[in-house]
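All remarks here apply to the structure that follows.
The values are calculated or read from the model by the stated rules, or taken from the named source; none is laboratory data. Every value quoted in this text rests on a predicted model; they were computed, and no experiment measured them. All Cβ positions, glycine included, derive from the backbone under ideal geometry; neighbour counts span all protein chains shown. With ligands, DNA and RNA removed, areas are computed over all heavy atoms of the protein, side chains included. Shrake-Rupley method; radii C 1.70, N 1.55, O 1.52, S 1.80 Å.
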Amino acid sequence: MRYIPNTDRDIEHMLEVIGIPNLEALFATIPESDRLRSPIEVPPSVSEFEVLRELSQMAARNANSDTHDWFLGAGTYAHFCPSAIDALVSRAEFLTAYTPYQPEISQGTLQAIFEWQTMICELTGMDVANASMYDGASAAAEAVLMAMRVTRRSRIVATQGLSPTYLEVLRTYIDGLEAELIVVPRGPDGRSEPIAPYVDSETACVIVQQPSFLGTLEDLPAAAQAAHDQSAQLVVTVGEALSLALLTPPGEQGADIVCGEAQSFGVPMSIGGPHVGFLTTRKECVRQLPGRLVGETVDSEGRRGYVLTLATREQHIRRERATSNICTNQGLCLLMATIYLALMGRRGLRELAEINLSKAEYAKQRIRATEGLSLPLEAPTFNEFVVSVPDSADAALERALNAGIVGGLKLDGYAPDLTPSVLVCTTELVSAQAIDRLVEALSGSGR
Amino acid sequence: MSDQDRISEVGNTGAGTTYEEPLLFELSREGRAGYSLPELDVPRVLPEEILPEGSVREDLKTLPELSEVEIVRHFTRLSTWNAAVDFGLYPLGSCTMKYNPKINEKIARIPGFLLAHPRQPDALLQGFLELCYELESQLAAISGMDRVTLQPAAGAQGELAGIMMIRAYHEARDEQRTKIIIPDTAHGTNPASAALNGYKVVEVPSSDEGILSPEAVAGAMDDDVAGIMVTNPNTLGFFEEHMTAISEIVHARGGLVYGDGANLNALMGVARPGDLGIDVMHFNLHKTFSTPHGGGGPGSGPVGVKNLLAPHLPTPVIQKEVGAEGPQFRLENDLPHSIGRLHGNFGNAGMFVRAYTYLRSLGPEGLKHCSEMAVLNANYILARLRGTPYRIPFDRTVMHECIVSDAELSETGVTTADIAKRLIDHGYHPPTTYFPLIVPGALMIEPTETESREGLDRFVDALLSIAEEAKTDPDTVRTAPHHTRRSRMDETKAARHPVLKWTPEPPT
């Protein structure tokens, strides 16, 4: 067994030091009747090259953004990940360390988290960002729980523009609590209907996704006004993090908590995880923020360094009175995002966002001009939008697939009123030519 | 020389290739770039022209401007400030810091895993769905559970899912139970997960032997108790010898038994939680199944259940259907009694690939050998510390980790934290300290199976030399570490005056 150094001779010596006759005796405290007396029923082991071959064959049965032109987004985005990211996060010093409990030998991880917190604050326009959450969905759920703690209220107003899976996760998280969830319907242009009529003095927060699940840009100042008029909090969850490079930061539009999914920042799609959620707030609410936080300090010789801080919010200190049960975060993925943001930097990130926007506008213009296709929602969008197709979403997506294209998300189950339609996303990975071929396939005009 | 120039001049410390490393923002120089973007092949759109007024942001002024080489050096230098498993023993108790095989990483990067999308149609995702289905089956076989969900993103989310399923089970029977029993040795996540579900926590003390007694559980058990959360082996490193009896007591009053699988590394091929009356448990793929800890995650916390809880599993579940064209795997969302979803997608899928690779590499004998060697290593450390200044609070055969206490050293004025910090000077990441809470001055040592005998000897020798030093030269221990690039950090200052992000210095 190549992962285990001790040989039979080592084992013999160690048993002698312990003072027991054999390995079996190590388990003497396990009652006889509790023991497993047969081998575990899992397949026999295979060698390194066999396991590589076996899993390569499994992987080959998954379509991916290398094998197809990719227009499927809906919360997970096919952006390019620069090569430096994987090279750096593969360094064992990052990969095989754990939570930086011992700051003197964890400054690498701690400083990177401090840099992440700084850049997430800049992007969202907020004061404080934590050291990441599991994903965008749990970040949204934790944001709502946080707003309930801050306001000591229990009614939640969510817009229908939230990703359906985020809404599901939110329902799961609040199920054991005495909380009420109200969903504001989508209006005809794809944005939320006016929110104010749904907010009252019992409302803890209004939660809005920007851009919405269907790609439309919500009116955040109006949502803020609706929330603040009743002293409720505005929570903004960011569906496509790249949009933050282009849009006015939610923190400047009245958001009290901004959360979201940062997978777009250099984290591979990896079939939906591991990704990386973020959660930010204003400084006066920092003690209600869940998750780890890194702060700047000095060592005993006055040199700058970083530590985990404000831990009295956390489960390992506060146990059942903690702000959350969260323990690990998504350390390695936040490192990917931090490296990505450094590489793209002040100008590159904005330019990339404009490329995404331009591709989407080109695609929309082509769709408007194509018989059989239309854009049912009129609100402005970033890099994702709904396309009405002539026959059925299944048929349209099948035609795309036959042309080597994963054409988007079938919306039948998500937006019955828009059926038949497809949610299409255009990142920098799709060429103008691929867009032309998608439009042709969705419309069926190439038949 | 401007302030900014001076900071980045800090660079080389005069100590060879040891570098001080400024923040990205301090290194930034206007005009540099680390990105490469394709030529735009569609008409360029001006955001201000098509987006509503006021919705386009200004400059991202805090983001740095740096070339790729500067960024690579920045993070490479930062990495050298970390301790890690690939450097050496990292005996952080309860975290199972075992070696993370390189083949796991290689396979997780195959495009069919790395570049596939969670919402692509089932038919285009058959390889992954099969992997999930097989991983679920293998985890079930290892643990003696009937069904497994891979969805929870970490152990703590697995606990949350498990307690939610317990609640759903009682609610389906129209029972309103309000309490969860938790032993005093439990991880902090246990009470926090119970509280997130609205349960009141009833703490039960461990016996003089460091395990749960059936009497203590019987005393706490009543018809308001929804269940008990037990970590087995517990955080003292002991097998809960009365587990079966405890499960019977809880079941007799209608409660369910949650098993915290944080310490499963001791039991593979030896005993199965499912055979001890556990109804629901979580696994930590980043502990037992060798996925990397990544500086604090991603973890992955699958949950196994007995059939009685299967209707409450999170959605979706993966189903296998055997047809004329061979097995097909599909996602089932229609589970009316499900607790719902916990993750936006399938969970930390990349970790499933790594854990499955590990299971295929080990097989039944390999898994059992891991547990045997993990337990051997922990008992070897304990045996070598017996009769030394370290006190052994409960001197019995342990499983995968052992607890010693520094209590006898306290008269020297040296604390547990001091010993931990001094271990760093000897080249070790310290063990978990001050936990479990019931042992004053605890050092919780988990060597794992991937350490050699002589490696453990050197670690024990380091502990013994520190104990000696605590008597002869306590100041050196109290002010450790001395051989790191930062000495002891002022954590009080960090908490009193939180500085949680970089801000540019105002122009002078």
Quiz item: Across the residues of B:475-486, average count of Cβ atoms on other protein chains within 10 Å?
Solution: 3
Quiz item: How would A:ASP417, A:ASP10 rank on accessible area, largest to smallest, probe 1.4 Å?
Solution: A:ASP417, A:ASP10
Quiz item: Rounded to the nearest 500 deg cm²/dmol, what is the calculated helix-only ellipticity per residue at 222 nm for chain B, with -39500 (n - 2.57) per DSSP H run of length n ≥ 4?
Solution: -10500 deg cm²/dmol
Quiz item: How do B:THR231, B:THR397 stack up against each other in accessible area, from largest to smallest, with a 1.4 angstrom probe?
Solution: B:THR397, B:THR231
Quiz item: Using only Cα atoms, what Kirkwood radius does chain A have, in angstroms?
Solution: 24.3
Practice problem: Could you work out how far the C-alpha centroid of region A:1-75 sits from that of region B:385-456, in angstrom? | Solution: 28
Self-check item: Nonlocal amide H pairs with A:ILE207, under 5 Å, H built at 1.01 Å
Solution: A:VAL157, A:ALA158, A:THR159, A:VAL235
Quiz prompt | For region A:286-435, the Rg and Dmax computed from alpha carbons only, in angstrom | solution = 23.2, 72
Quiz item: How much accessible surface area, in Å² rounded to 10, belongs to the heavy atoms of B:THR189 with a 1.4 Å probe?
Solution: 10
Exercise. Report the GluC sites (Glu not before Pro) located in region B:54-126 that are in a DSSP loop and have at most 12 other Cβ atoms inside 10 Å of their Cβ, or state none.
Key: B:GLU58
Self-check item: region B:145-362: C-alpha pair distances exceeding 21 Å, %
Solution: 53
Practice problem: Taking amide H positions as placed in the peptide plane 1.01 Å from N, state which residues far from A:ALA403 in sequence (5 or more) or on other chains have amide H under 5 Å from it. | Solution: none
Self-check item: Ellipsoid semi-axes in whole angstrom, largest first, where each is sqrt(5λ) of the Cα gyration tensor of region B:295-349
Solution: 23, 17, 11
Quiz item: Could you give me the ³J(HN,Hα) list for region A:237-245, computed from phi with Karplus coefficients 6.51, -1.76, 1.60 and θ = phi - 60°, whole Hz, x at Gly and Pro?
Solution: 10, 9, x, 10, 4, 4, 4, 5, 6
Quiz prompt | Unit Cα scatterers, Debye sum, the protein assembly as shown: log10 I(q)/I(0) for q = 0.07, 0.11 Å⁻¹ | solution = -0.56, -1.42
Exercise. Would you work out the charge dipole size for region A:171-235 about its Cα centre, treating the Cβ of every Lys and Arg as +1 and the Cβ of every Asp and Glu as -1, and quote it to the nearest 20 debye?
Key: 240
Quiz item: Can you give the net charge of the other residues whose Cβ lies under 14 Å from the Cβ of B:PHE459, counting K and R as +1 and D and E as -1?
Solution: -3
Quiz item: Once you sort the root eigenvalues of the Cα gyration tensor of region B:143-235 as a ≥ b ≥ c, which label holds: rounded (a/c under 1.5), prolate (a/b larger than b/c) or oblate (the other case)?
Solution: oblate
Exercise. Starting from the eigenvalues of the Cα gyration tensor, five times each then square-rooted, give me the equivalent ellipsoid semi-axes of region B:369-493, largest first, whole Å.
Key: 24, 16, 14
Exercise. Return the long-range amide H neighbours of A:GLY372 (sequence gap of 5 or more, or a different chain), with a cut-off of under 5 Å between placed amide H atoms.
Key: none
Quiz item: Based on the alpha-carbon gyration tensor of chain B and its eigenvalue square roots a ≥ b ≥ c, which shape applies: rounded if a/c is under 1.5, prolate if not and a/b is larger than b/c, or oblate?
Solution: oblate
Exercise. Round to a whole angstrom and tell me the spacing of the C-alpha centers of region A:314-333 and region B:273-305.
Key: 17
Self-check item: Relative pair counts by distance (%), Cα atoms of region A:8-55, 10 Å bins
Solution: 19, 26, 31, 21, 2
Practice problem: Report, in degrees rounded to the nearest 10, the 0 to 90 angle that the Cα long axis of helix A:136-151 makes with the longest principal axis of chain A. | Solution: 90
Quiz item: For chain B, which DSSP H helices look membrane-span-like by this rule: Cα extent along the axis of 20 Å or more and mean Kyte-Doolittle of at least -0.5?
Solution: B:126-143, B:155-172, B:349-385, B:453-472
Self-check item: Dipole moment magnitude, nearest 20 debye, region B:36-119 about Cα centre, only Lys, Arg, Asp, Glu C-beta charged
Solution: 820
Practice problem: Whenever you get a sec, line up B:GLU365, A:GLU104 from highest to lowest accessible area (probe 1.4 Å, protein heavy atoms). | Solution: B:GLU365, A:GLU104
Quiz item: Roughly what % of DSSP beta bridges within the protein assembly as shown run antiparallel, to the nearest 5?
Solution: 55
Exercise. Answer rounded, prolate or oblate for region A:12-128, using the Cα gyration tensor with square roots of eigenvalues a ≥ b ≥ c: rounded when a/c is under 1.5, else prolate when a/b is larger than b/c, else oblate.
Key: oblate
Self-check item: Computed accessible area, B:SER137, all protein chains, 1.4 angstrom probe, square angstrom
Solution: 50
Self-check item: Pairwise burial A:B, computed as accessible area of each alone minus the pair, summed, 1.4 Å, Å²
Solution: 16600
Quiz item: Which residues make up the longest stretch of chain B that has no trypsin sites (Lys or Arg not before Pro) in a DSSP loop with at most 10 other Cβ atoms within 10 Å?
Solution: B:174-508
Quiz item: How long are the three semi-axes of the equivalent ellipsoid for region B:374-422, computed from the Cα gyration tensor as the root of 5 times each eigenvalue, in whole Å, largest first?
Solution: 22, 12, 8
Self-check item: Charge context of A:THR29, other residues only, Cβ under 9 angstrom, K/R +1, D/E -1
Solution: 0
Quiz item: Picking from A:ASN356, A:ASN22, A:ASN325, which is most flexible by a Gaussian network model of chain A using Cα springs under 10 Å?
Solution: A:ASN22
Quiz item: Which whole number of Å³ per residue matches the convex hull of the alpha-carbon atoms in region A:176-293?
Solution: 146
Quiz item: Which pairs break 30 Å Cα to Cα here: B:LYS287/B:LYS421; B:LYS61/B:LYS287; B:LYS320/B:LYS368; B:LYS200/B:LYS306?
Solution: B:LYS61/B:LYS287
Self-check item: Environment charge of B:ALA271, counting only residues whose C-beta is closer than 13 Å and scoring Lys/Arg +1, Asp/Glu -1
Solution: -3
Quiz item: For chain A, what does -39500 (n - 2.57) per DSSP helix run (n ≥ 4), summed and divided by total residues, give at 222 nm, in deg cm²/dmol to the nearest 500?
Solution: -10500 deg cm²/dmol
Practice problem: With θ set to phi - 60°, apply the Karplus curve 6.51 cos²θ - 1.76 cosθ + 1.60 along region A:353-361 and write out the HN-Hα couplings as whole Hz, x wherever there is a Gly or Pro. | Solution: 4, 5, 4, 4, 4, 5, 4, 5, 5
Quiz item: Short version: ³J(HN,Hα) in whole Hz for each residue of region A:46-62, in order, from phi by Karplus 6.51 cos²θ - 1.76 cosθ + 1.60 (θ = phi - 60°), x for Gly and Pro, what are they?
Solution: 10, 6, 4, 6, 5, 5, 4, 5, 4, 6, 5, 5, 4, 4, 5, 8, 10
Quiz prompt | Cα convex hull volume per residue for region A:286-358 (Å³) | solution = 150
